[in-house]
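Engineer: After the structure tokens below, expect a handful of questions from me.
The values are calculated or read from the model by the stated rules, or taken from the named source; none is laboratory data. What you see is a predicted model; the values in this text were computed from it and never measured. Every residue, glycine among them, receives a Cβ derived from its backbone with ideal geometry; neighbour counts consider all protein chains shown.
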Amino acid sequence: MVTFKGTKVVSGIAIGKLYVYKRPDRQISRTPVDDTKAQLQAFDEARQKAVLQLEELYESSVEYLGELSASIFVAQEMLLEDRQYIDYVKSRITEDKYNAAYSVVLASDEFSRLFSSIEDKYMQSHIADVKDVSERLLRILCGLESEMADPGEPCIFASDDFNAGDIVQFNRDNLLGLATMFGSPVSHASILAGTMGVTSVVGLGQEMLSIYDGRPAILNGIKGELIIDPDKRTLERMRRKQKEYEEQQRMLLLLKGKNNVTKSGKYINVYANIGSAEGVETALLYDAGGIGLFRSEFIYMESLTYPSEDDQFEIYKEVLEKMRGRKVIIRTLDLGTDKQASYFRPEKEVNPALGYRAIRISLAQPGIFKTQLRALYRASAYGNLDILFPLIISVEEVLNIKKVIREVTDELDAEGIPYSKDIRLGIMIETPAAVMISDKLARHVDFFSIGTNDLTQYTLAIDRQNPKLETYFSTMHPAVYKMIEMTVANAHKAGITVDICGEAAADLSHTQDYIDLGVDALSVSPAMVLPLRKKIRECD
Ligand code: PEP
Ligand code: MG
């Protein structure tokens, strides 16, 4: 029995044979060519063919994946039209006299390198797109047709990495789980696995070799591990666990449509945290009462340049329309520290967590801020929108924000563009400063949302990103608890509501405490909505 540890992506337990998926072999030479014209033509034809394949993939998957998830293939199609990518390949052919296939390999490496130089794990989804699209082009250029991979019986599919295109071509009846040596939990392949509900673990390491092809295996998506050749006891234990898990899922789904109400009749809102328009579908699937935190910075991080007002408007509108009148709280840009965009390059900082981030950027660069606010206000006409501002430390900041909002609404009025007059304005309480003056801040806003991730980091002086300090990072440290207590008391004294949207909201061991404190709403990742509802219903 061998066990590989990785990163869990989609929960569940899959038991079956391991099927090591091998991509068709392709030979690419780097010998210089004379006929560059023929190579340019081959590249253009391959691009056209790839576009057709992606259109077909979109058509065939949109029904079971939903429009948002299937749009991955539309994004990849756009990459095939990307001028920079095309020019790079063509220059390698004309200037360096490389053949089309080798030029694509170079483009794939170059663009992946560019994205990976940005220290942000979310840029990895772009790397995955570049690699997917390049791989598709290479298969076409090498005359290899992609065909549906099917081991002929239900199996756990394993590979070095999967791309979104691979996954939708697998025979789903025989797809028990996905296990990869490398891969990222936020790649499009992982997002697809989540949408399809296929147990998935990434980053299991290079030792997970093809020698294990066909061997009995257990993929544990709850723990994030792959067991090969399990012994009898492990197999029995995991079968029991699998049954328990399935039973748990069935029980949770029975909670759909039920209230988040304690035994003593107290009602708590349970919302979902999302980072893209795609998250809405999962939030609705798990019956979230609304979106408690849409981290809008992900739109910026997934974009190659500042997203335009219209681009943002379309995304916000889509989220609001899909939520059909349920509450949607969108937080303005919270770039900085671990959340960077390729085009946004602030000066190197010694203490970035204490540096130029979040509302500090928005207020220092009002052009960026106004573009986002205009998009938000325009979208507000299509649903139930509240706006949240991150990392507030003073009343002045709130007054300055309101000044910019007035400029935006004056402009929209002058242009005759409709927007909601009922938007509530809220602030994140995630700094000790905000807690200490929460009585004053409460007079200027409509709601508070406590960000326990940053509040814990700043209260305890523990870097939230340093794994060595994980044991010290306690969201229930008495100091953090007192901060939350004080915030809730001051909010309620001023007659405003208070939510918790940091990860601690999903920690079920805190639920009773938060209810006792009188928190009005808890916002958690979509998959935690129903477990939290279950917990609330068990609380007093
Ligand atoms: C928080 O700090 O708790 C929070 C919700 O914001 P983020 O994790 O995006 O910083
Ligand atoms: Mg925060």
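Engineer: Can you tell which of Ile484, Ile401, Ile405 is within 16 Å of ligand 2 (Cβ to nearest atom) and touching a helix residue (DSSP H, G or I) at 6+ places or on another chain (Cβ under 9 Å)?
Structural biologist: When all the criteria are applied, what remains is Ile484.
Engineer: Within region 261-285, track down each residue that is under 21 Å from Leu388 (Cβ atoms) and assigned to a loop (DSSP other than H, G, I, E, B).
Structural biologist: Those that are under 21 Å from Leu388 (Cβ atoms) and assigned to a loop (DSSP other than H, G, I, E, B): Ile268, Gly275, Ser276, Ala277, Glu278.
Engineer: Can you find, within region 257-285, the residue that is farthest from Ala504 (Cα to Cα) among those that are surrounded by 18 or more Cβ atoms within 10 Å (Cβ to Cβ) and small (Gly, Ala, Ser)?
Structural biologist: The selected residue is Ala277.
Engineer: Kindly provide the set of residues from region 487-506 that are within 16 Å of ligand 2 (Cβ to nearest atom) and in a loop (DSSP other than H, G, I, E, B), ordered by number.
Structural biologist: Cys501, Gly502 - these are the residues of region 487-506 that are within 16 Å of ligand 2 (Cβ to nearest atom) and in a loop (DSSP other than H, G, I, E, B).
Engineer: Within region 501-519, is there a residue that is in contact (Cβ under 8 Å) with a residue 40 or more places away in the chain and touching a Gly at 6+ places or on another chain (Cβ under 7 Å)?
Structural biologist: There is at least one residue in region 501-519 that is in contact (Cβ under 8 Å) with a residue 40 or more places away in the chain and touching a Gly at 6+ places or on another chain (Cβ under 7 Å).
Engineer: Hey, does region 314-328 have a residue that's modelled with pLDDT of 95 or more and in a strand (DSSP E or B)?
Structural biologist: Yes - at least one qualifying residue is present in region 314-328.
Engineer: Would it be correct to say that Ala434 is closer than 18 Å to Ser523 by Cβ, in contact (Cβ under 8 Å) with a residue 12 or more places away in the chain and either more than 16 Å from ligand 1 (Cβ to nearest atom) or among the aliphatic types (A, V, I, L, M) (or both)?
Structural biologist: When the stated conditions are applied, Ala434 passes them.
Engineer: Given the structure, is Glu430 among the charged types (D, E, K, R), assigned by TED's automatic domain parsing to the domain that holds Ser523 and within 13 Å of ligand 2 (Cβ to nearest atom)?
Structural biologist: Spelling it out, Glu430 is indeed among the charged types (D, E, K, R), assigned by TED's automatic domain parsing to the domain that holds Ser523 and within 13 Å of ligand 2 (Cβ to nearest atom).
Engineer: Considering only region 385-419, how many residues are in a loop (DSSP other than H, G, I, E, B) and more than 29 Å from Asn453 (Cβ to Cβ)?
Structural biologist: Result for region 385-419: 4.
Engineer: State whether the residues of region 344-355 include one that is within 16 Å of ligand 1 (Cβ to nearest atom), of a type in the set (Gly, Ala, Ser) and in a helix (DSSP H, G or I).
Structural biologist: yes
Engineer: Something else now. I'm told Ser303 meets every condition in (1) part of a loop (DSSP other than H, G, I, E, B); (2) surrounded by 24 or more Cβ atoms within 10 Å (Cβ to Cβ) except one. Can you identify the failing condition by its number?
Structural biologist: (2)
Engineer: Follow-up question, since we're still on this one. For region 516-540, give me each residue that is of a type in the set (A, V, I, L, M, F, W, C), surrounded by 19 or more Cβ atoms within 10 Å (Cβ to Cβ) and in a helix (DSSP H, G or I).
Structural biologist: Met528, Val529, Leu530, Leu532, Ile536
Engineer: Now, a different point. Specify the residue that is nearest to ligand 2 (Cβ to nearest atom); the eligible residues are those in region 312-343 that are touching a residue at least 40 places away in the same chain (Cβ under 8 Å) and among the acidic types (Asp, Glu).
Structural biologist: Asp334
Engineer: In addition: Could you pull out the residue among Leu460, Leu455 that is closer than 19 Å to Ser394 by Cβ and modelled with pLDDT of 95 or more?
Structural biologist: None of the others qualify; the one that does is Leu455.
Engineer: Confirm whether Leu391 is in contact (Cβ under 8 Å) with a residue 60 or more places away in the chain, touching a helix residue (DSSP H, G or I) at 6+ places or on another chain (Cβ under 8 Å), within 28 Å of Phe115 (Cα to Cα) and within 16 Å of ligand 1 (Cβ to nearest atom).
Structural biologist: Yes; evaluated as a whole, the condition is true for this residue.
Engineer: Have a look at Ile368, Ile417 and point out the one that is assigned by TED's automatic domain parsing to the domain that holds Lys493, of a type in the set (Val, Ile, Thr), in contact (Cβ under 8 Å) with a residue 60 or more places away in the chain and more than 16 Å from ligand 1 (Cβ to nearest atom).
Structural biologist: Ile368
Engineer: Still on this structure, I have one more. If you scan region 438-464, which residues turn out to be outside any loop (DSSP other than H, G, I, E, B), over 24 Å from Lys493 (Cβ atoms) and either away from ligand 2 (no atom under 13 Å from the Cβ) or hydrophobic (A, V, I, L, M, F, W, C) (or both)?
Structural biologist: Leu460
Engineer: For region 178-218, which residues satisfy the criterion of being on the phi > 0 side of the Ramachandran plot and either out of contact with any helix residue (DSSP H, G or I) (no Cβ under 9 Å at 6 or more places or on another chain) or β-branched (Val, Ile, Thr) (or both)?
Structural biologist: Gly197, Gly203, Gly205, Gly214
Engineer: Starting from residues that are over 25 Å from the mean Cα position of the chain (by Cα) and buried (at least 16 other Cβ atoms within 10 Å of the Cβ), keep the ones in region 421-431 and report whichever is farthest from ligand 1 (Cβ to nearest atom).
Structural biologist: Selected residue: Ile423.
Engineer: Among the residues of region 2-9, is any assigned to a loop (DSSP other than H, G, I, E, B), aliphatic (A, V, I, L, M) and over 27 Å from Val89 (Cβ atoms)?
Structural biologist: No: region 2-9 contains no residue that is assigned to a loop (DSSP other than H, G, I, E, B), aliphatic (A, V, I, L, M) and over 27 Å from Val89 (Cβ atoms).
Engineer: Go over the candidates Tyr102, Tyr85, Tyr21, Tyr98 one by one and state the one that is of a type in the set (Phe, Trp, Tyr) and at pLDDT below 90.
Structural biologist: Being of a type in the set (Phe, Trp, Tyr) and at pLDDT below 90 holds for just one of Tyr102, Tyr85, Tyr21, Tyr98, which is Tyr21.
Engineer: Anything in region 158-184 that is under 21 Å from the mean Cα position of the chain (by Cα) and more than 15 Å from Leu226 (Cβ to Cβ)? List them, or say none.
Structural biologist: Asn163, Ala164, Gly165, Asp166, Ile167, Val168, Ser184
Engineer: So Gly451 ticks every box in (1) of a type in the set (Gly, Ala, Ser); (2) out of contact with any Phe, Trp or Tyr (no Cβ under 9 Å at 6 or more places or on another chain); (3) surrounded by fewer than 23 Cβ atoms within 10 Å (Cβ to Cβ) but one. Which box is left unticked?
Structural biologist: The failed condition is (3).
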